[in-house]
Amino acid sequence: MRMMLKPDKDSYSEIEACQALGLSVERLNLLLSENVFNDGSARPNTLTFRPSDLILLEFWNKTMGDKKVVHMPKRANAFSR
């Protein structure tokens with residue numbers, strides 16, 4: 001699958017990111033929970049994405065569950081010390 005990014009856009013809303021990636025909002029949320037918001041910190045109410053963020057999301061979507069890709073361990077919460 002190839003993303004269709006608009007060259008004149010600097011940022012994408014969650015819905016626009018889902019449309020560009022061909023993902024459901026639930027799948028996007030899962031990717032974010034597994035790869036970004038995995039240290040126990042609260043997730044912001046509103047998210048925007050840059051084109052480079054969409055590239056990472058597409059990679060994570062393709063490799064999630066792939067045993068050939070080594071994933072980083074979850075981060076410890078810096079505030080729990």
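The values are calculated or read from the model by the stated rules, or taken from the named source; none is laboratory data. All values reported here derive from a predicted model rather than from experimental measurement. Cβ atoms come from the backbone with ideal geometry, glycine included; neighbour counts cover every protein chain shown. What goes into the accessible areas is simple: the full protein's heavy atoms, side chains included, and nothing from ligands, DNA or RNA. Shrake-Rupley method; radii C 1.70, N 1.55, O 1.52, S 1.80 Å.
If you go through region 23-43 one residue at a time, how many are in a loop (DSSP other than H, G, I, E, B) and either modelled with pLDDT of 95 or more or open to solvent by less than 60 Å² (accessible area, probe 1.4 Å) (or both)?
Of the residues in that region, 7 qualify.
List every residue pair whose Cβ atoms sit under 7 Å apart, with the two residues 6 or more apart in sequence or on different chains, where the first one lies in region 37-60 and is more than 15 Å from Arg27 (Cβ to Cβ) and the second, anywhere, is among the hydrophobic types (A, V, I, L, M, F, W, C).
Asp39/Ala76; Arg43/Phe37; Pro51/Leu5
Looking at region 44-66 only, could you name the residues that are surrounded by 11 or more Cβ atoms within 10 Å (Cβ to Cβ), outside any helix (DSSP H, G or I) and not hydroxyl-bearing (Ser, Thr, Tyr)?
Selection gives Leu47, Phe49, Arg50, Met64.
Please state which of the following conditions Ile15 fails to meet, knowing it meets all the rest: (1) modelled with pLDDT of 90 or more; (2) more than 11 Å from the chain's Cα centre (by Cα); (3) open to solvent by less than 60 Å² (accessible area, probe 1.4 Å).
(3)
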